[in-house]
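The values are calculated or read from the model by the stated rules, or taken from the named source; none is laboratory data. If you're wondering where the values come from, they're calculated on a predicted model, not measured in any experiment. Every residue, glycine among them, receives a Cβ derived from its backbone with ideal geometry; neighbour counts consider all protein chains shown. Note: accessible area is taken over every heavy atom of the protein model, side chains too, but ligands, DNA and RNA are not part of it. Shrake-Rupley method; radii C 1.70, N 1.55, O 1.52, S 1.80 Å.
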Amino acid sequence: VACDKLVERRDDGSCPASHPAEAVTGDVRVEAGEPGPRLPRFNWAAFALPPVWGVAHGQWAGAFFLPIWLFADSILATARMNAVTRVAAVVVVAATLAFQAYFAKRANGIAWRRVWQQVSVEEFARSQRYWAYACVPVGLALAGLVIGYRAF
Ligand SMILES: [Zn+2]
């Protein structure tokens, strides 16, 4: 949980980064010498459409991107006024994208912990690829719409 990735337990149940056994959850068994499965490091669906992906995966924090997007959009609407508003628009959009990237980086670990008893890591990774195929084009279209509307 603390490392937010799949780790190999040590003999006392703690993780290699010395987080206690209570901070390690879930259980994937592998043969001796077989490498443990790995979660994808970045969730593109969570990056592209955090409100939709988040709510669908029980991560309600994703819904907070709706007011953040509204705020970013209204800052973008003022971007042409002068140099200060242009800088503000760049800073706000960059911060919003950085926040989305942070959400997407943590998304797989948190989402997999909710379902680890029902789906294997491979099945989870596959379903997240389908999520990406659906969410990334919609996210790009949405971004294109905002840029087109605000720039022309
Ligand atoms: Zn750890």
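Tabulated results
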item: Residues within the range 11-49 that are in contact with a helix residue (DSSP H, G or I) (Cβ under 9 Å, 6 or more places away or on another chain) and either of a type outside the set (S, T, N, Q) or more than 10 Å from the ligand (Cβ to nearest atom) (or both), tallied; result: 20
item: Residues of the range 1-10 that turn out to be more than 7 Å from the ligand (Cβ to nearest atom) and either under 16 Å from R106 (Cα atoms) or among the hydrophobic types (A, V, I, L, M, F, W, C) (or both), as a count; result: 4
item: Selection from the range 29-76 of residues that are assigned to a loop (DSSP other than H, G, I, E, B) and open to solvent by less than 70 Å² (accessible area, probe 1.4 Å); result: V30, G36, P37, L39, P40, F42, N43, L49, H57, G58, Q59
item: The range 1-28, residues that are exposed (fewer than 11 other Cβ atoms within 10 Å of the Cβ) and β-branched (V, I, T); result: T25
item: Residue match in the range 96-108 (condition: within 16 Å of the ligand (Cβ to nearest atom) and over 30 Å from L145 (Cβ atoms)); result: no
item: Residue in the range 77-102 that is farthest from W44 (Cα to Cα), counting only those that are open to solvent by less than 90 Å² (accessible area, probe 1.4 Å) and not in a helix (DSSP H, G or I); result: N82
item: Residue in the range 64-81 that is within 16 Å of the ligand (Cβ to nearest atom), of a type in the set (D, E) and at pLDDT 90 or above present; result: no
